[in-house]
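Each remark here refers to the structure printed beneath this line.
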Amino acid sequence: MKLKKYFISAFALLALTSCGDKMDYHEYKVDDADYIKEMFSRVGGFTTTIYQQLDYDFGNYNGAMLSSATDESAYSHPGNAIEDFYNGAWSPANAKGSLWSSCYKGISYCNLLLDEFQGLTFPDYQLDVDYLKEMHQYNNYQWEARWARAYFYFTLVRQYGDVPLKTNNMDAAEANTLPRVSAETIFKFIDDECAAIKDSIIPDYNNLGNMALSIAESGRANNLAVLALRARAALYYASPLFNPNNDNERWHQAALRCKEAIDACKSRSMTLVADYMSLFQSDNYKDTKEIIFSRRQNSTTASNAFEKYNFPIGLENAGGGNCPTQNLVDAFEMTNGKAITDADSGYDPQNPYANRDKRLSWIVACNGEQWPNANPNPLEIYTGGANAAPIPYATTTGYYLKKYCNPSTVIGATGANAFYHNYVLFRLAELYLNYAEAMLNYTGSGYATADGLSMTAAEAINIVRTRAGQPNIATGLSASEFKKKYENERFVELAFEGHRFFDVRRWKEAPDYFKTIRKMTITKSGDNLTFTPETLETRQWDDKMYFFPIPQSEIQKSGGVLTQNPGW
């Protein structure tokens, strides 16, 4: 198959010891497949094009993150496109379907590489000093492509349920008329692909020995990324949205896959890093302890756009942005491990941020805090304050976002700077939480073990809590009580990492969480502040929204072969 005037972008990774150890995008004009096949570097460039289709969320909806369609945050600019998810404007004609197109574009790249660019030997370059190293990496491209293809299908199935399965290179006319296959078929495809490639893909790009090229390739998927994907997909497959009959063996298999991934991480001496905030800063790509895979940014496009979207109103060029809700803030326990609703917790409603889980201060900027570095004064988020209403676009919730914001960023006209933003797709803490959920549902207890599964759900959660300085989860909780504690722990630990939107859906608990969004109203009288939590808004929910609508344009292109999701 010829690629007529086909444009691709390629990364070349610079050496780990250099200051530019990030993916660097270059653009090539490619006339046909034969041109690509001539050189290892061109096939490598085509391979890395695939990574550009991986998802990330630094404000994909005109600055709003998907979190602002959940109970994590509210976007401070009224009329933003994110509101379509909950105000009745979401529809097949307004399908929010960018991931449909980007995932199938990525799948097409994967299929093309697997069908057209295998078995090459680059004979004109066999005398090159790095020929054997290049061939070692070239032979790994097939496993990278199969991992990426499985990841794209996971992204599609969690969003749409049944989707077309395309595993070979084909023209657009043929691809557009593929029917949807069951979500069960998609999950099996993902699991089978991960099982097939986990022992073949390069385990560690930082430990290639004499096969290491002069350019580092640590930004590519390795065997841990394969195992992490397999574990997450198994958890989704076992969840109520995809497992309405609660087949317990699915939870068993999810627990086993999570354990396999955790054991593989531990064998590489991975652990949870002490500095939680570092996981979401500009140089997080250097982390080899907790981050399993992150979607790297182009090294030539350091940006302060995310900070402009989210820094507090009152700073020059700041947008307010994705403001954490009172729902999220209330989820952070006291340092004694008790919920703020517990009468014995010691929570003071008029000193609400004292003695709280440290993750609150790592994720959320509260009144009285000095944030970010360029702000010389403590935040005034009380009504009439320097960072609050009635200033346009000030926080609507009483809070501002810290996570993924670089505190050293200057967004004003004088001294402005910019940093890289690399989106974490898989990290070890998530694997522990995934394991805990699978074990709780498989055994019916937060404190039980099983054959080959010696770590309890509580022990897995406690590893995550210990990093935050929180005491171990209480003993003696019923399964339902433990489930609520687990869901709360996941809400807090993984906030703003793209999980909440899909977690609540796969649990089929959206009406419990997504309808009532709360804020903190702070008023000042003299030197006294009064804190009043109250409802910000009540959002619409319809059970059809557990899945996205298939874009109407895709149904039309298929000639009606594609069917719409129920209710849409």
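The values are calculated or read from the model by the stated rules, or taken from the named source; none is laboratory data. What you see is a predicted model; the values in this text were computed from it and never measured. Because the Cβ atoms are built from the backbone with ideal geometry, glycine has one as well, and the counts that use them run over all protein chains shown. Each accessible area value is taken on the protein alone, full model and side chains, heavy atoms only, with ligands, DNA and RNA left out. Shrake-Rupley method; radii C 1.70, N 1.55, O 1.52, S 1.80 Å.
Output yes when any residue across the range 496-510 is within 28 Å of Y432 (Cβ to Cβ) and either in contact with an Asp or Glu (Cβ under 6 Å, 6 or more places away or on another chain) or at pLDDT below 95 (or both), and no when none is. Among the residues of the range 496-510, at least one is within 28 Å of Y432 (Cβ to Cβ) and either in contact with an Asp or Glu (Cβ under 6 Å, 6 or more places away or on another chain) or at pLDDT below 95 (or both), which makes the answer yes. Before we move on, is R518 open to solvent by less than 20 Å² (accessible area, probe 1.4 Å) and at pLDDT 95 or above? Against the criterion (open to solvent by less than 20 Å² (accessible area, probe 1.4 Å) and at pLDDT 95 or above), R518 does not qualify.
Restricting attention to the range 330-359, and to residues there that are outside any loop (DSSP other than H, G, I, E, B) and among the charged types (D, E, K, R), which single residue is farthest from M520 (Cα to Cα)? Checked the range 330-359; the qualifying residue farthest from M520 (Cα to Cα) is R359. Residue count for the range 346-359, restricted to those that are touching a residue at least 40 places away in the same chain (Cβ under 8 Å) and either open to solvent by less than 10 Å² (accessible area, probe 1.4 Å) or more than 21 Å from T383 (Cβ to Cβ) (or both): 4. Give just the number: which of (1) surrounded by fewer than 17 Cβ atoms within 10 Å (Cβ to Cβ); (2) in a strand (DSSP E or B) does P407 not satisfy? Failed condition: (2). Could you please find all residues in the range 101-154 being under 32 Å from the mean Cα position of the chain (by Cα), small (G, A, S) and either within 26 Å of A212 (Cα to Cα) or open to solvent by 10 Å² or more (accessible area, probe 1.4 Å) (or both)? Answer for the range 101-154, where residues must be under 32 Å from the mean Cα position of the chain (by Cα), small (G, A, S) and either within 26 Å of A212 (Cα to Cα) or open to solvent by 10 Å² or more (accessible area, probe 1.4 Å) (or both): S101, S102, S108, A145, A148. Taking the criterion of being under 30 Å from E380 (Cα atoms), open to solvent by 30 Å² or more (accessible area, probe 1.4 Å) and not in a strand (DSSP E or B), the residues of the range 521-567 that qualify are G526, D527. Between I340, I363, the distinction of being β-branched (V, I, T) and closer than 16 Å to S68 by Cβ belongs to I363 only. Just one of the listed residues (N304, N284) is touching a strand residue (DSSP E or B) at 6+ places or on another chain (Cβ under 8 Å) and either surrounded by fewer than 16 Cβ atoms within 10 Å (Cβ to Cβ) or over 17 Å from V424 (Cα atoms) (or both), namely N304. Of the candidates F482, F496, the single residue that is crowded, with 20+ Cβ neighbours inside 10 Å, aromatic (F, W, Y) and part of a loop (DSSP other than H, G, I, E, B) is F496.
On the stretch given as the range 155-187, residues that are assigned to a helix (DSSP H, G or I) and loosely packed, with under 13 Cβ neighbours inside 10 Å total 3. T395 meets each of the listed conditions (1) over 18 Å from G368 (Cα atoms); (2) open to solvent by 10 Å² or more (accessible area, probe 1.4 Å); (3) touching a strand residue (DSSP E or B) at 6+ places or on another chain (Cβ under 7 Å) apart from (1). Per this entry, T271 is not counted among residues that are open to solvent by 10 Å² or more (accessible area, probe 1.4 Å), part of a loop (DSSP other than H, G, I, E, B) and in contact with a strand residue (DSSP E or B) (Cβ under 9 Å, 6 or more places away or on another chain). Evaluating N327 against the criteria (1) in a loop (DSSP other than H, G, I, E, B); (2) surrounded by fewer than 23 Cβ atoms within 10 Å (Cβ to Cβ); (3) in contact with a helix residue (DSSP H, G or I) (Cβ under 9 Å, 6 or more places away or on another chain) leaves one unmet condition, (1). Is it fair to say E316 is open to solvent by 20 Å² or more (accessible area, probe 1.4 Å) and not polar (S, T, N, Q)? Yes, satisfied.
Residues that are buried (at least 19 other Cβ atoms within 10 Å of the Cβ), among the polar types (S, T, N, Q) and in a helix (DSSP H, G or I) within the range 221-252 comprise just one, N223. Can you find even one residue in the range 367-378 that is among the aliphatic types (A, V, I, L, M), over 20 Å from P78 (Cβ atoms) and open to solvent by 10 Å² or more (accessible area, probe 1.4 Å)? Yes; the residues of the range 367-378 include at least one that is among the aliphatic types (A, V, I, L, M), over 20 Å from P78 (Cβ atoms) and open to solvent by 10 Å² or more (accessible area, probe 1.4 Å).
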